[in-house]
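Visitor: Have a look at this one.
Bear in mind that the values in this text are calculations on the coordinates, not laboratory data. As the structure is a prediction and not an experimental result, all values here were calculated from the model. Counting neighbours? That spans all protein chains shown, and the Cβs are built from the backbone with ideal geometry, glycine included.
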């Protein structure tokens with residue numbers, strides 16, 4: 001199983017200097033991917049713009065949206081072009097994680113209805129593939145297979161969407177048990193769609209290491225998920241706050257069939273990269 005790391009692009013007091021240094025260190029320490037999370041009504045850095053900046057200071061690490069809220073980018077041609085641009089700027093290191101999102105206020109602020117958003121994402125994914133496969137809109141993808149696409153979501157429709165449109169599926173930081181319950185459904189959807197091989201499966205997890213680890217988790221992860229009430233408190237309380245807990249997450253997800261586990265930090269401090277790298281042997 002590959003181990004990736006998330007940028008702190010949605011940490012409350014994130015700043016440009018911290019983001020850039022975080023990306024540099026993640027690349028130097030050999031993590032597989034550098035992920036980003038997406039919101040509109042929140043003081044986070046926008047994922048695609050952020051990854052474009054990170055592409056200029058990294059050389060090897062893959063860059064990804066984990067996940068981008070697709071229906072909120074209603075101009076699909078522009079979104080496809082942005083992805084191809086990032087693919088080129090990074091030398092083919094970009095992969096697209098894309099999903100619906102669960103916050104109604106993000107849709108309201110964007111002037112987009114939540115009604116029919118699943119069908120809208122399906123149409124969007126069809127059009128993105130058309131453009132990537134040689135439409136008049138460019139630049140051209142850096143490789144014949146185009147950027148990899150993983151579909152996010154926890155509903156059965158997301159598993160079918162991944163089988164129809166994607167190279168695999170990605171889960172948010174919901175924990176090991178929900179991942180275990182979903183992997184079989186992902187494989188079944190893949191088989192129903194007549195796809196060959198196996199879908200790539202990925203997941204997010206949260207960690208916080210070093211001094212004040214629990215305080216950072218409560219302050220930042222708790223704040224990000226405050227809208228979920230008790231569920232948000234549970235997510236903040238389940239952050240891996242010790243090397244032992246990080247290793248437990250790795251062991252559990254690997255045994256469950258995860259291909260890539262992406263750990264997101266609970267603070268903006270670049271030292272979190274080195275602390276995680278030391279635990280996972282990077």
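Visitor: What ranking do 234, 223 get, fewest neighbouring Cβ atoms within 10 angstrom at the top?
Guide: Listing 234, 223 from fewest to most nearby Cβ atoms yields 234, 223.
Visitor: Which shape class, rounded, prolate or oblate, goes with region 141-200 when its Cα gyration tensor gives a ≥ b ≥ c as root eigenvalues, a/c under 1.5 marks rounded, and past that a/b bigger than b/c marks prolate? All intermediate terms of the calculation are to be shown ahead of the outcome.
Guide: Working: a/c = 2.29, a/b = 1.47, b/c = 1.56.
Cα axes put region 141-200 in the oblate bin.
Visitor: Would you compute, from DSSP H runs of 4+ residues alone, the mean residue ellipticity of the chain at 222 nm, taking -39500 (n - 2.57) per run and dividing by the full residue count, rounded to the nearest 500? Walk me through the intermediate numbers first.
Guide: Working: 11 runs with 121 residues, N = 282.
Result for the chain: -13000 deg cm²/dmol, rounded to the nearest 500.
Visitor: So I have (i) 27, 21, 20; (ii) 46, 18, 16; (iii) 29, 26, 17, and one of them is semi-axes √(5λ) of the Cα gyration tensor in Å calculated from this model. Which one is it?
Guide: For semi-axes √(5λ) of the Cα gyration tensor in Å, the calculated option is (i).
Visitor: Which residue, 214, 12, 181, tops the fluctuation ranking in a GNM of the chain built on C-alpha contacts under 10 Å?
Guide: Result: 181 has the largest fluctuation of those listed.
Visitor: Right, next: Highest first, please rank the peptides 146-153, 161-168 by the mean number of other Cβ atoms sitting within 10 Å of their residues.
Guide: The densest-packed peptide leads the list: 146-153, 161-168.
Visitor: For region 209-252 and region 66-136, compute the distance between their C-alpha centroids and round to whole Å.
Guide: If you average the Cα positions of each part, the centres end up 29 Å apart.
Visitor: Okay, moving on. Between the helical axis of 117-132 and the dominant principal axis of the chain, each derived from Cα atoms, what acute angle in degrees is found, rounded to the nearest 10?
Guide: Between the helix axis and the principal axis of the chain, the angle is about 70 degrees.
Visitor: Compute the helix-to-body angle for 16-28: its Cα long axis versus the longest principal axis of the chain, expressed 0 to 90° and rounded to tens.
Guide: The angle comes out at about 90 degrees.
Visitor: Give me 1, 171 ranked fewest to most by other Cβ atoms within 10 Å of their Cβ, as a rough exposure proxy.
Guide: Details: 1 16, 171 26.
The order, fewest Cβ neighbours first, is 1, 171.
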